[in-house]
Amino acid sequence: MPAERVQNPEALYRLLEPYRAHILSGHTHENEHVLTGAVHEHIHGAVCGAWWSGDICWDGTPNGYGVWEVNGGGLRWRYKATGQSAGHRLRVYPRGADPTAPTDLVANVWGWDPGCTVVWYEGADRRGELSRRIGLDPLSVRLHTGPTLPSRRPWVEPTPTGHLFYTVVPETTRELRVEVTDGWGQVAVATLES
């Protein structure tokens, strides 16, 4: 039976230590960045999402693909959601969308890596940075949880992800905006109004 993961990653990382190495991987139907020493592994979401059962992967990342720009020694990357603009890089959920955090706004920033900042605004006022936590994407929970969902692939279930961001917001807040700035200064915005 073939292994689903590299059986000796420590040996691979030792081989790559002298280099500024980037590993591109996929076929996991989720989007993550794993940093181990100088090695940066980019795990891309899938064009088919959660096995063609909808328009998101099981971590809430939209169906899509990685876009890479190489200029000499310079390297830039981003995740491109299929059928969306290049700026579609996050989804914002209202306070209480995650039952484990009933007072929190949740933002799924699927292209997040440590070079990004994630901040929120109430109206025009900057309120601060959001905190990154491992959790389940609320949309994936709604679309993928249970023995009959999704109807096309009932064995698909939400998976914990490390690209969710949380912050407590007052119940009276009516206009919210979350901005993500990547390591190259590109800004993506999502708003939520109640």
*asked:* With +1 on the Cβ of every Lys and Arg and -1 on the Cβ of every Asp and Glu, and nothing else charged, how large is the dipole of the chain about its Cα centre, in debye rounded to the nearest 20?
replied: 240 debye
*Among the DSSP beta bridges whose two residues both lie in the chain, what percent are antiparallel, rounded to the nearest 5?*
90 percent
_Selected from His27, His44, His88 as most flexible by GNM, with the chain as the system and alpha-carbon contacts under 10 Å_ = His27
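Note down the relative contact order for segment 1-92 as a percent, whole number, built from C-alpha pairs under 8 angstrom at least six residues apart.
On the way: 150 pairs, mean separation 15.7, N = 92.
Result for segment 1-92 is 17 percent.
So which chymotrypsin sites (Phe, Trp or Tyr not before Pro) in segment 66-119 pass both tests, a DSSP loop state and at most 14 other Cβ atoms within 10 Å of the Cβ?
Working: sites: Trp68, Trp77, Tyr79, Trp110, Trp112; in loops: Trp110, Trp112.
Sites meeting the loop and neighbour criteria: none at all.
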*Could you grab the relative contact order for the chain? Cα pairs under 8 Å, six or more apart, rounded to a whole percent.*
18 percent
*Centre separation in Å (Cα based) which lies between segment 20-59 and segment 103-150*: 17 Å
*asked:* From the Cα trace of the chain, what convex hull volume per residue do you get, rounded to a whole Å³?
replied: 143 Å³
*Most mobile of Pro154, Pro99, Pro18 per a Gaussian network model of the chain (Cα springs, under 10 Å)?*
Pro18
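Bear in mind these aren't lab numbers, they're just calculated from the coordinates by the rules spelled out. Keep in mind the model is a prediction, meaning the values are calculated, not measured. In this analysis, Cβ positions are derived from the backbone assuming ideal geometry, glycine residues included, and neighbour counts consider all displayed protein chains.
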